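**Q** Here it is, the structure, as structure tokens.
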Amino acid sequence: MKPVQIADDIYWVGAIDWNIRDFHGYSTCQGTTYNACLIKDEKITLIDTVKKEFADDLIANISELIDPKKIDYVISNHTEMDHSGGLARVMHRIGEDKPLYCSKMGQKNLSMHFPQKWNYHPVEDGGELNIGRRTLTFLETRMLHWPDSMFTYAKEDKILFSSDAFGQHFAGLERFDDQIGEAIMPHAQKYFANILLLYSSLILKLVDKVENLGLALDMICPDHGIIWRKDPLKIINAYVEWSEQKPKRKALVIYDTMWHSTERMAEEITYALGQEGVDARSTHLRSWHRSDIMTEVLDAGAIVVGSPTLNNGLFPTVSDFLTYMKGLKPKNKIGAAFGSYGWSGEAVKLITRELEEMKFDIIEPGLRIQYVPFGSGVEACRELGKKVAQRLPE
Ligand code: FEO
């Protein structure tokens with residue numbers, strides 16, 4: 001991929017990772033990009049780098065535009081290695097003494113990833129850097145999603161370089177929202193649900209902060225996926241909506257099964273939910289990736305989890321998913337548990353305990369059926385579906 005001009009004297013010089021399918025446990029079914037940008041001003045400035053394995057692509061892209069040694073400043077918006085892994089190679093190539101701008105936490109965290117004593121210039125929230133015809137402003141965005149995270153805003157161009165925020169794991173030749181249209185939104189939603197959901201309250205505060213600062217935005221350039229230039233407000237509004245986590249009349253039935261009994265229960269519960277006018281979806285944990293299920297969790301009002309009892313505990317995939325979901329801290333959910341068992345039957349109690357810890361509004365009691373559901377067992381599943389439906393908003 002060659003550099004792509006995104007504004008006067010500003011170029012995308014990042015890399016496309018077509019083939020990555022597992023991003024620390026997130027299923028990147030269409031790959032991703034690592035976006036880095038070069039500003040050719042009086043002081044030539046590089047914003048972010050790429051994953052270590054793609055450092056050659058980055059340097060090749062920069063070399064199409066300038067001799068990399070001519071880079072004056074490097075800005076690191078975020079320490080995570082998909083954006084800083086290439087830093088060592090870049091600094092070596094351009095000169096180890098070149099000023100490296102980052103947040104204070106960025107300096108601390110980069111120093112714990114790289115032994116090099118680089119020429120760090122930690123910046124304050126609201127701090128500015130003049131690079132010639134432009135002034136860059138730094139906005140600290142702590143815990144969005146690492147302690148070091150920050151945005152860089154190019155005032156004259158009205159471009160926000162937003163690090164991970166507003167990104168999408170999507171590999172393609174398209175660089176801009178107007179080249180792909182609505183098809184990008186599911187990727188943005190999945191990214192939010194799996195990376196940023198737990199910071200929803202911080203996102204709402206950040207959007208307020210950006211509005212209060214009155215930052216004009218012609219373009220939002222995240223570190224992954226396409227750049228928002230046609231309608232940057234579209235993704236901001238989507239983030240507000242997703243962060244508010246208003247429950248919809250939608251239920252997810254999430255389960256695993258050993259001999260199809262818990263599966264049968266899932267089918268009956270899902271059917272009953274549908275009969276009550278709920279947008280009900282059934283997700284088998286060995287057919288759905290946990291990160292795809294989390295995308296569905298985002299706007300669901302009810303989460304109904306089923307597990308057989310295996311060795312007095314939960315089925316391993318159910319434990320895996322509950323751990324993952326708990327970490328992402330979804331809010332405003334109704335929860336219910338169900339499962340088939342043979343003799344001890346602890347799974348429903350264990351699921352209920354996990355859902356309680358997530359502060360879900362639990363429908364008690366959960367539903368346990370010994371061995372195979374039929375007759376009154378099937379009726380009990382349908383009753384549970386109805387109870388969940390009654391608790392959901394119209
Ligand atoms: Fe894309 Fe937090 O790294």
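**Q** With the structure loaded, tell me whether residue 63 is under 22 Å from the mean Cα position of the chain (by Cα), hydroxyl-bearing (Ser, Thr, Tyr) and over 18 Å from residue 191 (Cβ atoms) or whether it fails that test.
**A** Taking the combined requirement at face value, the residue does not satisfy it.
**Q** Determine whether residue 184 is within 24 Å of residue 26 (Cβ to Cβ), within 16 Å of the ligand (Cβ to nearest atom) and of a type in the set (Val, Ile, Thr).
**A** no
**Q** Considering 198, 173, 204, which residue is surrounded by 15 or more Cβ atoms within 10 Å (Cβ to Cβ), in contact (Cβ under 8 Å) with a residue 40 or more places away in the chain and not β-branched (Val, Ile, Thr)? Walk me through how you get there before you give the answer.
**A** Numbers: 173 fails: surrounded by 15 or more Cβ atoms within 10 Å (Cβ to Cβ); 204 fails: surrounded by 15 or more Cβ atoms within 10 Å (Cβ to Cβ).
After applying the criteria, what remains is 198.
**Q** Tally time: how many residues in the range 334-346 are under 14 Å from residue 301 (Cβ atoms) and open to solvent by less than 10 Å² (accessible area, probe 1.4 Å)?
**A** Here the count works out to 2.
**Q** Additional query: Given the range 216-306, what strands (runs of 3 or more DSSP E) lie entirely inside it while holding 2 or more residues that are at pLDDT 95 or above, over 30 Å from residue 370 (Cα atoms) and within 16 Å of the ligand (Cβ to nearest atom)?
**A** Answer list for the range 216-306: 219-221.
**Q** While we're here: Among the numbered criteria (1) touching a helix residue (DSSP H, G or I) at 6+ places or on another chain (Cβ under 6 Å); (2) at pLDDT below 95, which single criterion is violated by residue 122?
**A** So residue 122 meets the others, but not (2).
**Q** Do we find a residue being of a type outside the set (D, E, K, R), at pLDDT 95 or above, open to solvent by 90 Å² or more (accessible area, probe 1.4 Å) and not in a helix (DSSP H, G or I) anywhere in the range 347-358?
**A** Checked against the condition, which is being of a type outside the set (D, E, K, R), at pLDDT 95 or above, open to solvent by 90 Å² or more (accessible area, probe 1.4 Å) and not in a helix (DSSP H, G or I), the range 347-358 yields no hits at all.
**Q** Can you work out which of the residues in the range 271-323 that are of a type in the set (Ser, Thr, Tyr) and open to solvent by 50 Å² or more (accessible area, probe 1.4 Å) is farthest from residue 260 (Cα to Cα)?
**A** Once the filter is applied, the top-ranked residue is 323.
**Q** May I pose another question? Does residue 189 meet the test of being within 13 Å of the chain's Cα centre (by Cα), among the polar types (S, T, N, Q) and open to solvent by less than 30 Å² (accessible area, probe 1.4 Å)?
**A** no
**Q** In the range 55-79, which residues are surrounded by 23 or more Cβ atoms within 10 Å (Cβ to Cβ), within 16 Å of the ligand (Cβ to nearest atom) and assigned to a helix (DSSP H, G or I)?
**A** 58
**Q** Is the range 260-271 home to any residue that is farther than 21 Å from residue 382 by Cβ and not assigned by TED's automatic domain parsing to the domain that holds residue 186?
**A** Within the range 260-271, none of the residues are farther than 21 Å from residue 382 by Cβ and not assigned by TED's automatic domain parsing to the domain that holds residue 186.
**Q** Considering only the range 10-29, state which residues are in contact (Cβ under 8 Å) with a residue 40 or more places away in the chain and either more than 30 Å from residue 321 (Cβ to Cβ) or part of a strand (DSSP E or B) (or both).
**A** 10, 11, 12, 13, 14, 15, 16, 17, 23, 26, 27
**Q** Right, next: Looking at the range 359-393, which of its residues are touching a strand residue (DSSP E or B) at 6+ places or on another chain (Cβ under 7 Å), under 26 Å from residue 329 (Cβ atoms) and open to solvent by 80 Å² or more (accessible area, probe 1.4 Å)?
**A** Matches in the range 359-393: 391 only.
The values are calculated or read from the model by the stated rules, or taken from the named source; none is laboratory data. Keep in mind the model is a prediction, meaning the values are calculated, not measured. FYI the Cβ positions are ideal-geometry reconstructions off the backbone, even for glycines, and counts take in every protein chain you see. Calculation scope for accessible area: heavy atoms of the full protein, side chains included, ligands and nucleic acids excluded. Shrake-Rupley method; radii C 1.70, N 1.55, O 1.52, S 1.80 Å.
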